[in-house]
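**Q** First the structure, which I've put down as C-alpha cells, then a few questions once you've had a look.
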Amino acid sequence: MKDNFKINMKPILWGAATSASQYEGAFDKGNKGLDTQDLRAYIERTDNSTTSTRLLTKKMVEKAKKDSNNKRYPFRNASNGYFHLEEDISYLKELGIDIYRMSISWARLYPRGDEETPNEEGIKYYNKVISALKKAGIKIFLTINHYAIPIYLVEEYGGWKNRKMIDFYLNFVKTIFENWGDSIDYYLPFNEINAGYFSPYNGIGLIKQDNKDYDKSLIFQSLHHQFVASAKAIELGHKMVKGKFGCMIACFCYYPYSCNPLDNMKLVKEENINQWFYSDVLARGYYPSYMFSFFEQEGIDFEITKEDERLLKENTSDFVSFSYYQSSVISLKEKEKTAGNLVVTTKNPYLDATEWGWQIDPVGLRISLNKIYSRYQKPVFISENGLGHRDVLEKDGKIHDTYRIDYLKKHFEQIDKAKKDGVDIIGYMMWGVIDIVSAGSCEMEKRYGVIYVDCDNYGNGTYKRIKKDSFFWYKNFIEGKKEDS
Ligand code: BG6
C-alpha cells in the first residue's frame, strides 16, 4: 500500500540565469541593432517606483536614440559579458551548476528585426557562447525573448500590437532551432509573459503616449499575438528540436489581508487578471471565461481568429515556469503600500523587505510551487529567484553577502518541502548569477549575483569579476546535492 503513494524525489537541476540585454553590453558591436532596453536611461531613485524608467514615450525614445552618452544608458554596456565570455563561463563551471538560463538578443541576430537572413556576426557570437557552455558540461535553458525588442520593430511596426510581429519572431526562432537546436534542453518563448500588462514597453514594445494611459485593447491584442507566437514556436519546435517548451509568469503569491470574504474575492479577481490568465492560456490552451467579464467591463476588444484558437489548443507548454521574488497582499481597504516585482502591493506586517521594498517570503515559494502544480499538473521550473541587494566591496577585497546566503538557504529549504509535498519540480535558477543591470530600475547597484561585477550605476568601474561569499556557499550546496543523489 505504502509504495502506491511514493513521492517522486528525483533530484532537481540547480542553475543560474541572466538575460542578454542585462548581461552582454556591446550594444554597438558585431552589427547589433538598437533595442528597447538600450534606450532606457538610469534615473536616480527617489522612491521605489520604477515607472519612470519602464514606460517610455516617443520623445524619450527619440532623445535616447540620439544620445551618445552611453554611460547614461546602463544596458548599453551592461555587465560587459560580451567581452568576458570565457572567464564568466569558467566561473559557472567552477560553481558547478547543472544548467544556465540565458537569452539571445533578438537585435544581435536580426538588427532591424524584419530581415530575412540573420546577422552572421550574431551567429558567430552565440556559437561561441553555446559551445563554451557545452564544453563546460552545462545544460542550456534558453529564453527566446527576454524583454529586449529591436527598436526598428517598435517604431516601424508598432511592436506586438501588429500581427506581423508573429512572423518576424518566428523567423528569429527558426534561426535558433536551425543553429543551436541540438544543444538546447529547455526553451521559453517569452520571459514573464504577464509583464506586458504592467510594463508594456518592456514586455510588448508599446510606446506610451504623452500624458495618456495605455489603450487596454492594444495591450491585450499584443499579448494575444505573443500567445500565438509562443504556440507557433512550440509547434515548430516540437517538429525541429529535442528540447522541452515552457511558459513563464511573474508570480506574485497573493495573500488576502484578512479573512473578510471581500478581501478574498478581490484577491481572486486580481490574481486571475495579473497572474493566472497568461499561464492558463499557454498551459491549458484556451482563454479562461473569467477574462470575458473583465474584457466587457473594461471595454476591451481585440481580434482572435479560429486559426489562433487551434494553435493555442494544440500547442500548450510542456512545463510551467515562474519568477518568484516576493509575496503580495490584497486588501479591500486602503493600507500601507510597498513595491514588488512589476507591481505595487500592500505591506505584509509579518515580513521583512529588501531596500527596494520587495517582501521576502521563503514560505511563499513553497505555496506558489504547490498552487502552480496543482493548477496545471505539469512539471514546474523556478526560472528566477534571488535577492537584489546593495553589496559592498570590503577593504579585504571581498564581498561578505551573508544576507544573500541566508535568503537562498531559506528558499532552498522551502523547495525541498515542496518536493516532499509532491510538486514535480524540474529545476531552480538563481537570478542574475553574475551582477547585471536591474530590469525594473536600470541600476547596476541592485545586485543579485554570487559573482560581483565592479561597475556602478553610471558605468564607471573596471568590470572586474570577484567571487562573493555566496559563490562558495552555492557551490558547496550544489556539491552536497550531487553527493546525496
Ligand atoms: C524579472 C525579470 O522581472 O525580475 C528580470 O525577468 C529582472 O529581467 C528580475 O531582472 C528582477 O527584477 P529587477 O527589477 O530587480 O531587475
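The values are calculated or read from the model by the stated rules, or taken from the named source; none is laboratory data. Only a predicted model underlies this, so the values are computations on that prediction, with no experimental measurement involved. When we count neighbours, we look across all protein chains shown, and the Cβ atoms used for this are built from the backbone with ideal geometry, even at glycine. We work out accessible area using only protein heavy atoms, side chains counted, and drop any ligands, DNA or RNA first. Shrake-Rupley method; radii C 1.70, N 1.55, O 1.52, S 1.80 Å.
**Q** Name the one entry in Asn260, Asn272 that is touching a Phe, Trp or Tyr at 6+ places or on another chain (Cβ under 6 Å), modelled with pLDDT of 95 or more and open to solvent by 20 Å² or more (accessible area, probe 1.4 Å).
**A** The conditions single out Asn272.
**Q** Can you spot a residue in the range 143-156 that is buried (at least 19 other Cβ atoms within 10 Å of the Cβ) and of a type in the set (S, T, N, Q)?
**A** yes
**Q** Now a separate question. Filter the range 360-386 down to the residues that are open to solvent by less than 10 Å² (accessible area, probe 1.4 Å) and polar (S, T, N, Q), then identify the one that is nearest to Lys417 (Cα to Cα).
**A** Ser368
**Q** What are the residues in the range 1-29 that are part of a loop (DSSP other than H, G, I, E, B) and surrounded by 16 or more Cβ atoms within 10 Å (Cβ to Cβ), if any? Break it down into steps so the answer makes sense when it comes.
**A** The initial filter retains those residues of the range 1-29 that are part of a loop (DSSP other than H, G, I, E, B), namely 1, 6-12, 18-19, 24-29.
Within the range 1-29, Ile12, Thr18, Ser19, Glu24, Gly25, Ala26, Phe27 qualify.
**Q** Would you call Met429 part of a strand (DSSP E or B), under 24 Å from Arg390 (Cβ atoms) and either more than 14 Å from the ligand (Cβ to nearest atom) or touching a residue at least 40 places away in the same chain (Cβ under 8 Å) (or both)?
**A** Numbers: part of a strand (DSSP E or B): yes; under 24 Å from Arg390 (Cβ atoms): yes; either more than 14 Å from the ligand (Cβ to nearest atom) or touching a residue at least 40 places away in the same chain (Cβ under 8 Å) (or both): yes.
Yes.
**Q** Looking at the range 380-391, is at least one residue under 20 Å from Met9 (Cβ atoms), touching a residue at least 40 places away in the same chain (Cβ under 8 Å) and away from the ligand (no atom under 16 Å from the Cβ)? Steps first, please.
**A** Within the range 380-391, the subset under 20 Å from Met9 (Cβ atoms) is 380-382.
Imposing the further condition that a residue be touching a residue at least 40 places away in the same chain (Cβ under 8 Å) reduces the set to 380-382.
Still in the running and away from the ligand (no atom under 16 Å from the Cβ): 380.
So far as the range 380-391 goes, yes, one or more of its residues are under 20 Å from Met9 (Cβ atoms), touching a residue at least 40 places away in the same chain (Cβ under 8 Å) and away from the ligand (no atom under 16 Å from the Cβ).
**Q** If Gly357 satisfies every condition in (1) within 24 Å of the chain's Cα centre (by Cα); (2) more than 16 Å from the ligand (Cβ to nearest atom) but one, which is the exception?
**A** (2)
**Q** OK, next. For the range 177-274, list the helices (runs of 4 or more DSSP H) that sit wholly inside it and hold at least 2 residues that are over 24 Å from Glu309 (Cα atoms); which are they?
**A** So the answer is 200-204, 261-271.
**Q** Give the residue, chosen from Lys464, Lys446, that is surrounded by fewer than 19 Cβ atoms within 10 Å (Cβ to Cβ), under 20 Å from His389 (Cβ atoms) and basic (Lys, Arg).
**A** Result of the check over Lys464, Lys446: Lys464.
**Q** Quick check on the range 210-226: of everything there that is in contact with a helix residue (DSSP H, G or I) (Cβ under 8 Å, 6 or more places away or on another chain) and open to solvent by 20 Å² or more (accessible area, probe 1.4 Å), which residue is farthest from Glu178 (Cα to Cα)?
**A** Asp210
**Q** Which residues, taken from the range 311-354, are open to solvent by 20 Å² or more (accessible area, probe 1.4 Å), away from the ligand (no atom under 16 Å from the Cβ) and closer than 23 Å to Gly196 by Cα?
**A** Lys313, Thr316, Asp318, Lys337 - these are the residues of the range 311-354 that are open to solvent by 20 Å² or more (accessible area, probe 1.4 Å), away from the ligand (no atom under 16 Å from the Cβ) and closer than 23 Å to Gly196 by Cα.
**Q** Could you list, in sequence order, all residues of the range 432-464 that are of a type in the set (Asp, Glu) and either within 12 Å of the ligand (Cβ to nearest atom) or in contact with a Ser or Thr (Cβ under 7 Å, 6 or more places away or on another chain) (or both)?
**A** Asp435, Glu443, Glu445, Asp454
**Q** Note down all Cβ pairs under 6 Å where the first residue falls in the range 450-466 and is outside any strand (DSSP E or B), the second is surrounded by fewer than 19 Cβ atoms within 10 Å (Cβ to Cβ) and of a type in the set (S, T, N, Q), and they're at least six residues apart or on different chains.
**A** Close Cβ pairs satisfying both conditions: Asp454/Thr462.
**Q** Does Ser470 qualify as being of a type outside the set (A, V, I, L, M) and within 16 Å of the ligand (Cβ to nearest atom)?
**A** no
**Q** Something else: Starting from the range 138-156, take each residue that is over 15 Å from Arg108 (Cα atoms) and list its partners that are within 14 Å of the ligand (Cβ to nearest atom) and of a type in the set (A, V, I, L, M), counting only C-beta distances under 8 angstrom and pairs at least six apart or across chains.
**A** Pairs that qualify, where the first residue is over 15 Å from Arg108 (Cα atoms) and the partner is within 14 Å of the ligand (Cβ to nearest atom) and of a type in the set (A, V, I, L, M), are Ile140/Met102; Phe141/Ala17; Phe141/Met102; Phe141/Leu188; Phe141/Met429; Leu142/Met102; Leu142/Leu188.
**Q** For the range 227-257, which positions are within 15 Å of Val281 (Cβ to Cβ), surrounded by 23 or more Cβ atoms within 10 Å (Cβ to Cβ) and of a type outside the set (A, V, I, L, M, F, W, C)?
**A** Ser230, Gly246
**Q** Got a sec? Which strands (runs of 3 or more DSSP E) wholly within the range 279-341 have at least 3 residues that are of a type outside the set (A, V, I, L, M, F, W, C)?
**A** 319-324
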